[in-house]
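Peer 1: This is the structure I want to talk about, given as structure tokens.
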Amino acid sequence: MTLIQELTDLISKTNLQVTEHQIQLLVQYVELLDKWNKAYNLTSVRDPHEMLVKHIMDSLMVGEVIEGNSFIDVGTGPGLPGIPLAILYPERSFVLLDSLGKRITFLRQVVFQLKLTNVTPVKSRVEDYQPEQPFDGVLSRAFSSLTDMVSWCHHLITIEHGRFFALKGQFPQDEIAQLPSNIELIKSNQIKVPQLVGERHVLELKKIS
């Protein structure tokens, strides 16, 4: 089965609305990731078929639970979940932030080849990055703990509208208990990713005054 057929089949098991053109873009991204991975070591997932489940579908399913128009994907690595979400939602804007130059070089190539007009790769440490305007949402699947995420990213969103969206495996009860007093868990969304073994949660957090 080709990657396009396989991804089409995976998406058919969800409620996602994805066009044929978007599926082609997602597969092109996987092919670029596979090609660059050999030299740049961008992900530990080596098999493109595995990338469809562990990277593409895992990222796309987050789209059902996030709200807003402007997002920053912090510690984006090779562009996850930012690139798949940007392909799925061309009307939303995504800044992809990473401190490693080779990842940003790769992401600039992805943006160029896939003609993505709603993606801005930025090389910076998160604590040094000062956005012109606050974002609607901070996305991350990279942070070791929720406390690290909210303390390093607090300047990226406002109290009124901003949200932190943390991608986690199992529900992190201990991490939630350790959150600072000015951070509130709004909701926890358990997401089902076709063919992915193990639990996946997206936690929505907000700042309170």
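Peer 1: Of all residues in the range 113-150 being of a type in the set (Ser, Thr, Tyr) and assigned to a strand (DSSP E or B), which is surrounded by the fewest Cβ atoms within 10 Å (Cβ to Cβ)? Full working, then the answer.
Peer 2: Let us first name the residues in the range 113-150 that are of a type in the set (Ser, Thr, Tyr), namely 117, 120, 124, 129, 140, 144-145, 147.
Narrowing further to those that are assigned to a strand (DSSP E or B): 120, 140.
Values: Thr120: 17, Ser140: 24.
Among those that are of a type in the set (Ser, Thr, Tyr) and assigned to a strand (DSSP E or B), it is Thr120.
Peer 1: Could I ask something else about it? Tell me the residue from Leu85, Leu42, Leu52 that is out of contact with any Asp or Glu (no Cβ under 7 Å at 6 or more places or on another chain) and over 19 Å from Gly137 (Cα atoms), please. Before you say what the answer is, go through the steps one by one.
Peer 2: Values: Leu85 fails: over 19 Å from Gly137 (Cα atoms); Leu52 fails: out of contact with any Asp or Glu (no Cβ under 7 Å at 6 or more places or on another chain).
It is Leu42.
Peer 1: So, one more: With β-branched (Val, Ile, Thr) and out of contact with any Leu (no Cβ under 9 Å at 6 or more places or on another chain) as the only criterion, which of Ile183, Ile157, Ile176 stands out? Talk me through it step by step, then tell me what you get.
Peer 2: Details: Ile183 fails: out of contact with any Leu (no Cβ under 9 Å at 6 or more places or on another chain); Ile176 fails: out of contact with any Leu (no Cβ under 9 Å at 6 or more places or on another chain).
Criteria check complete, one pass: Ile157.
Peer 1: Filtering the range 97-112 down to residues that are closer than 19 Å to Glu31 by Cβ and of a type outside the set (S, T, N, Q), which residue is surrounded by the most Cβ atoms within 10 Å (Cβ to Cβ)? Step through it out loud before you land on a result.
Peer 2: At the first step, the residues of the range 97-112 found to be closer than 19 Å to Glu31 by Cβ are 102-103, 105-112.
If we keep only those that are of a type outside the set (S, T, N, Q) too, we end up with 102-103, 106-108, 110-112.
Working: Lys102: 15, Arg103: 22, Phe106: 24, Leu107: 27, Arg108: 15, Val110: 22, Val111: 19, Phe112: 9.
My answer is Leu107.
Peer 1: Does Ile157 satisfy the criteria of being at pLDDT 95 or above and either under 15 Å from the mean Cα position of the chain (by Cα) or buried (at least 16 other Cβ atoms within 10 Å of the Cβ) (or both)? Write out each step before concluding.
Peer 2: Numbers: at pLDDT 95 or above: yes; either under 15 Å from the mean Cα position of the chain (by Cα) or buried (at least 16 other Cβ atoms within 10 Å of the Cβ) (or both): yes.
Answer is yes for this residue.
Peer 1: Which of the residues belonging to the range 172-189 are assigned to a loop (DSSP other than H, G, I, E, B) and either within 21 Å of Asn69 (Cα to Cα) or open to solvent by 80 Å² or more (accessible area, probe 1.4 Å) (or both)? Can you show your working first?
Peer 2: Within the range 172-189, the first condition is being assigned to a loop (DSSP other than H, G, I, E, B), and the residues that meet it are 172, 178-182.
Within the range 172-189, Gln178, Ser181 qualify.
Peer 1: Out of (1) farther than 21 Å from Gly169 by Cβ; (2) surrounded by fewer than 19 Cβ atoms within 10 Å (Cβ to Cβ); (3) of a type outside the set (Lys, Arg); (4) at pLDDT 95 or above, the odd one out for Met1 is which?
Peer 2: Answer for Met1: the failing condition is (4).
Peer 1: Write out, first by first residue and then by second, each pair whose Cβ atoms fall under 9 Å of each other, whose residues are 6+ apart or on separate chains, and whose first residue, in the range 43-56, is within 13 Å of Gln28 (Cβ to Cβ) while the second is open to solvent by 70 Å² or more (accessible area, probe 1.4 Å) and assigned to a helix (DSSP H, G or I).
Peer 2: Hits for this filter: Pro48/Glu31.
Peer 1: Within the group Ile87, Ile66, which residue is in contact (Cβ under 8 Å) with a residue 60 or more places away in the chain, open to solvent by less than 20 Å² (accessible area, probe 1.4 Å) and assigned to a helix (DSSP H, G or I)?
Peer 2: When all the criteria are applied, what remains is Ile87.
The values are calculated or read from the model by the stated rules, or taken from the named source; none is laboratory data. Quick caveat: nothing in here was measured; it's all calculated off a predicted structure. Cβ: placed from backbone, ideal geometry, glycine included. Neighbour counts: every protein chain shown. The area values use the complete protein model at the heavy-atom level, side chains included, leaving out ligands, DNA and RNA. Shrake-Rupley method; radii C 1.70, N 1.55, O 1.52, S 1.80 Å.
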